[in-house]
1. Any residue that is open to solvent by 60 Å² or more (accessible area, probe 1.4 Å), at pLDDT below 95 and under 18 Å from the mean Cα position of the chain (by Cα) - is there at least one of those in region 265-273?
2. When you scan region 101-109, do you find a residue that is of a type outside the set (S, T, N, Q), part of a loop (DSSP other than H, G, I, E, B) and within 29 Å of Glu359 (Cα to Cα), even just one?
3. Quick one: would you say Ala363 is touching a His at 6+ places or on another chain (Cβ under 8 Å), of a type in the set (A, V, I, L, M, F, W, C) and surrounded by fewer than 22 Cβ atoms within 10 Å (Cβ to Cβ)?
4. Are any residues in region 85-111 closer than 25 Å to Leu213 by Cα, over 25 Å from the mean Cα position of the chain (by Cα) and of a type outside the set (A, V, I, L, M, F, W, C), and if so, which ones?
5. Restricting to region 110-129, give me the number of residues that are over 18 Å from Glu351 (Cβ atoms) and in a strand (DSSP E or B).
6. Of the conditions (1) surrounded by fewer than 13 Cβ atoms within 10 Å (Cβ to Cβ); (2) of a type outside the set (Gly, Ala, Ser); (3) not in a helix (DSSP H, G or I), Asn94 clears all except one; give me its number.
7. Within region 53-78, how many residues are closer than 30 Å to Lys99 by Cα and either of a type in the set (Ser, Thr, Tyr) or modelled with pLDDT of 90 or more (or both)?
8. Considering only region 366-411, give the strands (runs of 3 or more DSSP E) lying wholly within it that have at least 3 residues that are touching a residue at least 12 places away in the same chain (Cβ under 8 Å), touching a strand residue (DSSP E or B) at 6+ places or on another chain (Cβ under 7 Å) and crowded, with 23+ Cβ neighbours inside 10 Å.
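The values are calculated or read from the model by the stated rules, or taken from the named source; none is laboratory data. Bear in mind the structure is a predicted one, so any value in this text is a computation, not a measurement. So basically every Cβ, Gly included, is an ideal-geometry build from the backbone, and we count neighbours across all protein chains shown. Heads up: the accessible areas ignore ligands, DNA and RNA and are worked out on the full protein's heavy atoms, side chains in. Shrake-Rupley method; radii C 1.70, N 1.55, O 1.52, S 1.80 Å.
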Amino acid sequence: MLQVPFIRDNKEAVIAGLAKRHFDAKDLVEQVIVLDEERRTLQSKLDNTLAESNVISKEIGILYKSGQGEKANALKEKTSALKESSKTLTEDLNTTAEKLQNLLYQLPNVPHESVPAGKSEEENEEIFNEGEVPKLFDGAQPHWELAKKYDIIDFELGNKISGAGFPVYKGKGARLQRALISYFLDKNTAAGYTEYQLPHLVNEASCYGTGQLPDKEGQMYHDSRDDLYLIPTAEVPGTNVFRDVLLNESDLPIGITGYTPCFRREAGSYGAHVRGLNRLHQFDKVEIIRVEHPENSYNAFFGMVEHIKSILRELKLPYRILRLCGGDTGFPSAMTYDFEVFSTAQDRWLEISSVSNFETYQANRLKLRFKNSDGKNELAHTLNGSALALPRVLAGILENYQTENGITIPDALVPYTGFKTIE
């Protein structure tokens with residue numbers, strides 16, 4: 001979340017920055033400043049009360065030792081009143097601090113200065129495009145038809161077992177899925193990321209730490225009995241590895257990668273764009289996460305972008321990169337680039353990765369700090385990206401690599417699949 005001193009010292013800039021998201025922050029920012037003033041006033045009164053109580057307590061001890069019990073007893077009455085006052089002040093302070101925290105949870109991150117203003121995905125900027133769109137034969141099919149034709153993904157069986165949005169991968173479809181996971185992990189570890197196997201259920205504190213709560217509460221599967229959430233992305237458990245951690249400056253940068261299934265309710269999703277693998281309730285994803293020094297986080301951001309480019313080049317998939325406008329940028333993100341692969345059979349772009357720099361927003365929630373060269377504790381920057389989300393990568397491969405006789409496997413994946421075609 002945003003830091004209160006930053007809001008207080010940059011009030012107009014925060015309001016203007018959040019306006020890029022079409023988010024009217026004026027009232028919330030004013031409330032934050034007022035509550036923070038109340039909190040600081042209460043804290044000052046409490047500190048003074050406790051200090052006065054300590055002074056008097058020492059004085060009482062001296063009086064008793066010198067035989068002045070009557071004066072000591074009179075002062076004891078005063079300390080009782082001070083203790084009662086400090087108790088009331090503490091309660092008021094906690095209440096005010098909680099109100100302030102809840103207000104801060106409602107404020108999204110301020111977009112980076114390069115992020116364009118805009119309301120929706122229609123106003124995102126295409127900044128890069130690479131790869132040749134293949135010319136398919138007459139009668140080429142979308143991936144959901146190919147999946148049925150070659151018996152590699154069974155959507156109806158998934159619907160029977162769980163419901164819509166839970167496909168069953170079979171035979172070479174399952175092997176191709178596993179091959180992609182291994183390939184992505186190998187590419188990431190070769191680039192210096194440490195592989196982690198992460199929990200698929202997380203507690204409430206973890207969801208608040210990365211900004212999924214309270215913003216995305218309706219999109220997450222929740223087990224109310226144990227108060228645990230199914231992860232919507234490996235970003236949540238992966239970034240929370242560093243919650244309440246104080247690092248040394250020499251520890252930075254840190255990069256981790258992990259494969260997890262991801263679970264999203266996707267409430268309100270409907271229409272042709274959700275067919276097949278386009279939008280699922282359960283899907284697989286390999287994530288990369290970085291903890292960076294603030295001075296290096298945007299160098300790291302663009303390094304992550306180049307890393308994902310290198311994977312897509314090896315897979316020989318046509319893709320483009322979009323710089324998201326303010327209104328389409330995720331709640332905790334300062335800047336996000338989306339990667340989209342072109343689905344030739346569907347004649348549309350499919351999102352396959354988002355790379356985001358959260359700057360200090362998540363770190364402030366997580367209390368993720370490092371001791372800088374001056375010996376002071378400083379908030380780190382956090383970043384994450386999909387490298388890659390599997391469903392639409394798989395859809396792109398099936399559709400773009402289809403021939404009249406079968407589906408060719410990209411050369412980079414053959415060592416992982418053990419086969420060159422699906423026939």
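1. yes
2. There is at least one residue in region 101-109 that is of a type outside the set (S, T, N, Q), part of a loop (DSSP other than H, G, I, E, B) and within 29 Å of Glu359 (Cα to Cα).
3. Values: touching a His at 6+ places or on another chain (Cβ under 8 Å): yes; of a type in the set (A, V, I, L, M, F, W, C): yes; surrounded by fewer than 22 Cβ atoms within 10 Å (Cβ to Cβ): no.
So Ala363 fails the test.
4. Asn94, Thr95, Thr96, listed by residue number.
5. Going through region 110-129 one residue at a time, the tally reaches 0.
6. (3)
7. 1
8. So the answer is 381-389.
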